[in-house]
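Chemist: Take a look at the following structure, please.
No lab work stands behind these numbers, since they all come straight from the coordinates. Computed from a prediction, not measured in an experiment: that's the story for all the values here. Every residue, glycine as well, gets a Cβ built from its backbone with ideal geometry; the counts of neighbours run over all protein chains shown.
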Amino acid sequence: MVDEREISAVTDVLRSGQWWYGQKVSRFEQAFAGFQDARRGVSCTNGTAALEMGLVACGVGAGDEVIVPPYTFVATASAVLRVNAIPIFADIELETCNLDPRDAERKITECTKAIIPVHFAGLPADMDAFGELARKHDLRIIEDACHSWGTRWKGKGTGALGDCGAFSFQMSKNITSGEGGILLSDDEDLADRAVSYSNCGRGKGGAWYEHFLLGSNLRMTEIQAALLLVQLTRLEEQVLRREANAGYLDGALADIPGIALIKNDSRVTRRSYHLYMFRFLEEHWAGADRARFWEAMQAEGIPVRGGYPHPLYRSPLFLKEGEGPRFCPLSCPYHGRKVDYRSVVCPNAERLCEEVCWINQSVLLAEEQDMRDIADAVQKVWESREQLADV
Ligand SMILES: *Cc1c(COP(=O)(O)O)cnc(C)c1O
């Protein structure tokens, strides 16, 4: 969503000549951190970079293992590889599509340094359970909060529930500057390390050409921050509207046996929706499959789609022909273990790749009548399931 305010905010930056290192980036960092109840915000170029910054700031590096879910965007796992650490896949829960803390615990070894729970579609992972695992096994928790702008767990925003959390402002996200990201944390030292990493390894109070750590350049521009400051003014109202519309859909679809809703959790006190998701339970559809259901929904004018075709460990990145992945860090002598992703099986993730249906977040900004149209279309297709199977 964009109006004249974004256009004039960007124009103001262009006219000011201050495209970089002005006031807007730090104003946005403070405003967004405040919105998520975090003490510090460190902005950057995108959500992938925010995850990488979080891993570095938590001290994750060569030889370390990081537990991740396989039902997520590639960045959750590739950011781990970027810092020379090893992603280890643990399964998700069928009811929530979020990382299962019990399976994560089973995957802990003496090399495990961190866990990255993803708040998938905006529903927080079980942060009580992950906090408990972190205490018990001395692990860092880095939230992949790239779907959860505005989500609250027991009254507190996501992002600083664990050690730190990464957000994305890429074009498909609920607020956007085309590309952009931020890392949130309540830990001042961690945030300072992230700032240094994002700014060429410069140090607090150090000279401009003095570099203290192996950093990168991940700085956000004033143009991005100007856009995000305007986008942020709409976020609260949009979170509430999406939440109300999703609640309406939950109510309207609850009694259709061929549909399973995503389970909520009473500890979630506000829920962002990057996607409205439900499961297509093929065994109830009299022979019609999910692809036929989508086609019928498209014919009704409802944009439903499938999302990830397979769990991440089935991506060619992890399945090099022959002897398995050979690139560093997977062949790193510091790690000293053999990693072969061809033998990874996460049954829930595999099943959900076959069952899940996605409706995009932007649809949830429509009117209640539009939600009724969606529910009516599902009901109509459900009632026609036998004909559908025959076509
Ligand atoms: C979008 C997304 C990211 C990465 O964000 P970019 O800004 O595109 O780099 C990471 N994790 C998840 C779950 C995402 O959806």
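Chemist: Using R₀ = 25 Å, calculate the FRET efficiency as 1/(1 + (r/R₀)^6) where r is the Cβ-Cβ separation of K320 and S172; round to 0.05.
Modeler: 0.30
Chemist: Straight-line reach from K136: which lysines have Cα under 22 Å away, leaving out those fewer than 8 places along the same chain?
Modeler: K107, K113, K154
Chemist: Could you give the longest part of the chain that holds none of the GluC sites (Glu not before Pro) found in DSSP loops with at most 16 neighbouring Cβ atoms within 10 Å?
Modeler: Counting at most 16 other Cβ atoms within 10 Å as exposed, the longest clean stretch of the chain is 111-209.
Chemist: Kindly provide the trypsin sites (Lys or Arg not before Pro) of the stretch 94-183 that DSSP labels as loop, not H, G, I, E or B, and whose Cβ sees at most 13 other Cβ atoms within 10 Å.
Modeler: Those satisfying the criteria are K154.
Chemist: Just subtract the alpha-carbon distance of A366 and D340 from 0.36 nm times their residue separation and send over the number in nm, one decimal.
Modeler: 4.8 nm
Chemist: Mind listing which chymotrypsin sites (Phe, Trp or Tyr not before Pro) in the stretch 153-260 are in a DSSP loop and have 11 or fewer other Cβ atoms within 10 Å?
Modeler: W208, Y209
Chemist: With a cut-off of 8 Å between alpha carbons and a minimum separation of six or more residues, what is the relative contact order of the chain in percent?
Modeler: This gives 20 percent for the chain.
Chemist: Oh, and also: For a Förster distance of 41 Å, can you work out the FRET efficiency between the beta-carbons of T11 and R305, rounded to the nearest 0.05?
Modeler: Working from the Cβ atoms, E equals 0.70.
Chemist: Now a separate question. Using r as the Cβ-Cβ distance of A244 and V391, and R0 as 41 Å, what FRET efficiency do you calculate, to the nearest 0.05?
Modeler: Efficiency, rounded to the nearest 0.05: 0.70.
Chemist: Rounded to the nearest 500 deg cm²/dmol, what is the calculated helix-only ellipticity per residue at 222 nm for the chain, with -39500 (n - 2.57) per DSSP H run of length n ≥ 4?
Modeler: Helix-only estimate at 222 nm: -11500 deg cm²/dmol.
Chemist: Okay, moving on. Using DSSP, restrict attention to beta bridges with both residues in the chain and report what percent are antiparallel, rounded to the nearest 5.
Modeler: Bridges in the chain are about 65 percent antiparallel.
Chemist: Let me ask another. If I model a spin label as a point 7 Å beyond the Cα along the Cα-Cβ vector, how far apart are those points for T233 and D255 in nm?
Modeler: For T233 paired with D255, the spin-label model returns 4.4 nm.
Chemist: Among the complete DSSP H segments of the chain, which ones combine at least 24 Å of alpha-carbon extent along their axis with a mean Kyte-Doolittle hydropathy of -0.5 or more?
Modeler: Counting only whole DSSP H runs, the qualifying helices are 222-253.
Chemist: What ranking do 42-48, 335-341 get when scored by the average of other Cβ atoms within 10 Å per residue, highest first?
Modeler: Those peptides, ordered most packed to least, come out 42-48, 335-341.
Chemist: Could you give me the radius of gyration and the Dmax of the chain, taking only the C-alpha atoms into account and expressing both in angstrom?
Modeler: Using the Cα atoms of the chain, the pair Rg, Dmax is 21.7, 73 Å.
Chemist: How big is the Rg/Rh ratio for the stretch 168-212, C-alpha atoms only, Rh by Kirkwood, two decimals?
Modeler: 1.12
Chemist: Starting from the Cα of D289, step 7 Å along the direction of its Cβ; do the same at D192; then give the gap between the two resulting points in nm.
Modeler: In this crude label model, D289 to D192 measures out at 5.8 nm.
Chemist: Using 0.36 nm times the number of residues separating R106 and A31, minus their current alpha carbon distance, what extension gain do you get?
Modeler: This chain segment gains 23.2 nm when fully extended.
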